[in-house]
Amino acid sequence: MNFHVNISILALEIMARFRSLFYFITMIFPTLVWGQYQRIENFIVKENLTANGKIALIAVDSLENVNEHINGTFKFSINSFEQSLTFHDGVAVPSHPIDGSTFALFKHKNQHNSISKLYFLYKTDKEIIPVKINGLLLLIIPGIILLIAYMFKRFLTAFVILALIYVYFSSTKGLSLVQILENTYHTIKAFF
């Protein structure tokens with residue numbers, strides 16, 4: 001009986017050690033897997049170093065430093081065309097060259113979020129200059145144009161009213177355009 005008690009104590013001791021080893025492995029393993037997971041959080045677009053009419057997508061961190069740990073194939077959508085781009089040391093080059101100046105929307109979706117950036121790719125004879133376009137400008141610029149059109153409409157209305165007053169006075173009271181211009185000239189001259 002003493003033999004069976006020793007075996008069961010030994011079995012419990014081995015199970016306790018394996019249990020602690022099991023807990024250790026289950027706590028460390030996700031950390032090891034998580035450390036190897038690569039995710040593109042941000043990217044920028046630049047001209048490819050070889051200046052062959054192609055652009056380069058560069059994976060960067062929040063301070064826009066190159067993230068050289070990004071290697072592998074990632075899916076991007078460029079102007080709604082899905083492409084698999086292969087990154088080496090944080091840099092990928094799409095296979096198609098840019099023929100002329102164009103707008104390009106680059107979009108990447110990972111497990112946590114989606115990143116999209118709009119660029120105007122200005123192509124000259126020697127280089128491609130990517131200009132990032134802020135999405136807020138796409139709302140502000142039309143708003144400014146509408147505001148100018150509204151102000152012009154009010155100005156046009158005031159101009160039409162002044163023209164009607166001029167026609168009335170010139171036809172009934174003898175006021176002419178030459179008299180108005182001469183008076184304006186003398187008034188401006190009096191200020192200087």
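Any idea how many residues of region 93-103 are in contact (Cβ under 8 Å) with a residue 40 or more places away in the chain and touching a Phe, Trp or Tyr at 6+ places or on another chain (Cβ under 7 Å)?
0
Do we find a residue being modelled with pLDDT of 85 or more, touching a Gly at 6+ places or on another chain (Cβ under 8 Å), surrounded by fewer than 17 Cβ atoms within 10 Å (Cβ to Cβ) and not aliphatic (A, V, I, L, M) anywhere in region 93-107? Break it down into steps so the answer makes sense when it comes.
Filtering region 93-107 down to residues modelled with pLDDT of 85 or more leaves 93-107.
Adding the requirement that they be touching a Gly at 6+ places or on another chain (Cβ under 8 Å) leaves 97-99.
Subset that is surrounded by fewer than 17 Cβ atoms within 10 Å (Cβ to Cβ): 97, 99.
Applying the additional criterion that residues be not aliphatic (A, V, I, L, M) yields 97, 99.
Taking every residue of region 93-107 in turn, at least one turns out to be modelled with pLDDT of 85 or more, touching a Gly at 6+ places or on another chain (Cβ under 8 Å), surrounded by fewer than 17 Cβ atoms within 10 Å (Cβ to Cβ) and not aliphatic (A, V, I, L, M).
When only residues in region 119-140 that are at pLDDT 80 or above and loosely packed, with under 10 Cβ neighbours inside 10 Å count, which is farthest from S101 (Cα to Cα)?
K126
Residues in region 75-90: is at least one modelled with pLDDT of 90 or more, surrounded by fewer than 14 Cβ atoms within 10 Å (Cβ to Cβ) and aliphatic (A, V, I, L, M)?
No, that holds for no residue.
Out of all the residues in region 50-91, which are more than 14 Å from the chain's Cα centre (by Cα) and closer than 21 Å to K126 by Cα?
Those that are more than 14 Å from the chain's Cα centre (by Cα) and closer than 21 Å to K126 by Cα: T50, A51, N52, G53, K54, I55, A56.
If you check every pair at least six apart or on different chains, which have Cβ atoms under 7 Å apart with a residue in region 134-156 that is assigned by TED's automatic domain parsing to the domain that holds A104 and without any contact (Cβ under 8 Å) to a residue 40 or more places away in the chain first and a residue that is assigned to a helix (DSSP H, G or I) and of a type outside the set (F, W, Y) second?
Going by the 7 Å Cβ cut-off, there are no qualifying pairs.
Can you spot a residue in region 14-27 that is on the phi > 0 side of the Ramachandran plot, modelled with pLDDT under 75 and of a type outside the set (S, T, N, Q)?
So the first thing to find is which residues in region 14-27 are on the phi > 0 side of the Ramachandran plot, and the list is none.
No, there is no match, as no residue in region 14-27 is on the phi > 0 side of the Ramachandran plot, modelled with pLDDT under 75 and of a type outside the set (S, T, N, Q).
The values are calculated or read from the model by the stated rules, or taken from the named source; none is laboratory data. Keep in mind the model is a prediction, meaning the values are calculated, not measured. Glycine gets a Cβ as well: all are built from the backbone with ideal geometry, and neighbour counts include every protein chain shown.
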